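Working notes, beginning with the structure itself.
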Amino acid sequence: MGIENKPRSHLPFRAGYQRTTCRTAHAKLPCFLACNAVRATLTSVNGQLGSILMTMHVVVTGASSGIGEAIAREFLTRGARVTLVARRRNLLERIANDASSGRTHVIVADLANPSAACSWVQDAEKALGPIDVLVNNAGVQIVMNADETAWEDAEQMLQLDLHTPLRLTQHVLKTMIARKSGTIVDIASMAAIAPTPGMFFYNAAKGGLAAASEGLRAEVRKHGVHVMTVYPGPVKSEMEARGRAAFEDRVAARYAPTGSAETLARMIANGVERKRTRIVYPRIYMLARHWPNATRWVVDALTPPVKSREK
Ligand SMILES: NC(=O)c1ccc[n+]([C@@H]2O[C@H](COP(=O)([O-])OP(=O)(O)OC[C@H]3O[C@@H](n4cnc5c(N)ncnc54)[C@H](OP(=O)(O)O)[C@@H]3O)[C@@H](O)[C@H]2O)c1
């Protein structure tokens, strides 16, 4: 019987599992049954691995819509207890109502307000226990020419997108280091790798968050704390729709690869389980990390102008 072994690198057991393919027709049925048995076993073992999250308290900031909502729902599906933080209570409560009771805690907070950045952490820990995973996701985006942006708006965005995640991280790190476990997930942006014309302040915020996140990883690894940095390119959401509408309509921008919040959320939950260091999504934007000069040229040449404020 002709047997061919191919490694399946995307499965959790990289070294151990080999795909078995039969070349001859008469051997196809037993081979098919054997393959399915192996797959079923792997799925059930993988299911148990997924249950690592069942003991965890995950905090998601900006959980009321878009990527944050998808992340919260994904962790809830995998059995975690989730604290949902944002300003729109009704949206947070809708997510909480969809989950089984006792597994969610709703915090209504304006994270752009420095005094509210960390004040709710104690309440969340009292409700669901020590924080195991902090997902710094809440954010807004300003798509506007630098000279036209009001400084007050920029300052508020920098507070929400940069200062608050840094403060929250520093706050929860203390207890994570003491407990020798924990995960920080920072939702940065492709704007950190390939800054986009028309997003002067947003580029600065996401560049700062990504740099802090990447640098922290090695610092806290020895304490048992893991840091994962996430670089979303365009992902369908309220923010993405608003951002797109702020640019002039051009063919190149219209056809830019755009992902879904649900797929990204699955990748993030898998990444937490498997201690991935970074995620770039949609995956095609990985090219930007490998060809920075070509990327700079493409982004400068193809980004449409921001719509003038007079229009
Ligand atoms: N979608 C993309 O294409 C894309 C690409 C790269 C990076 N990202 C990043 O992904 C993250 C999520 O964005 P999204 O696309 O999912 O946008 P979204 O749908 O607009 O969600 C933003 C979330 O942040 C929360 N938020 C906004 N201002 C807040 C404040 N002052 N205090 C507390 N929460 C606040 C919002 O909740 P409330 O309004 O209820 O407060 C909402 O839950 C952001 O950090 C964004 O920069 C998104």
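The values are calculated or read from the model by the stated rules, or taken from the named source; none is laboratory data. Since the structure is predicted, the reported quantities are computational estimates derived from the model, not experimental observations. FYI the Cβ positions are ideal-geometry reconstructions off the backbone, even for glycines, and counts take in every protein chain you see.
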Name the single residue, out of those in the range 225-272 being within 15 Å of the ligand (Cβ to nearest atom) and of a type in the set (Asp, Glu), that is surrounded by the fewest Cβ atoms within 10 Å (Cβ to Cβ).
-> Glu238
Selected residue (criterion: farthest from Leu111 (Cα to Cα)) from residues of the range 125-153 that are more than 14 Å from the ligand (Cβ to nearest atom) and of a type in the set (Gly, Ala, Ser) | Ala146
Residue among Lys307, Lys222 that is surrounded by 15 or more Cβ atoms within 10 Å (Cβ to Cβ), away from the ligand (no atom under 11 Å from the Cβ) and of a type in the set (Lys, Arg) = Lys307
Among the residues of the range 117-128, which ones are in a helix (DSSP H, G or I) and surrounded by 15 or more Cβ atoms within 10 Å (Cβ to Cβ)?
-> Val121, Ala124, Glu125, Ala127, Leu128
Being under 19 Å from the mean Cα position of the chain (by Cα), farther than 28 Å from Thr258 by Cα and either modelled with pLDDT of 95 or more or part of a loop (DSSP other than H, G, I, E, B) (or both) narrows it down to one of Ile107, Ile131, Ile95, so name that one.
-> Ile131
Gly62 is checked against (1) modelled with pLDDT of 55 or more; (2) touching a helix residue (DSSP H, G or I) at 6+ places or on another chain (Cβ under 9 Å); (3) away from the ligand (no atom under 16 Å from the Cβ) and fails just one. What number does that condition carry?
-> (3)
Give me the pairs: first residue in the range 240-268 and acidic (Asp, Glu), second residue in a helix (DSSP H, G or I) and at pLDDT 95 or above, beta-carbon distance under 6 Å, and six or more apart or on different chains, which are they?
-> Glu262/Ala70
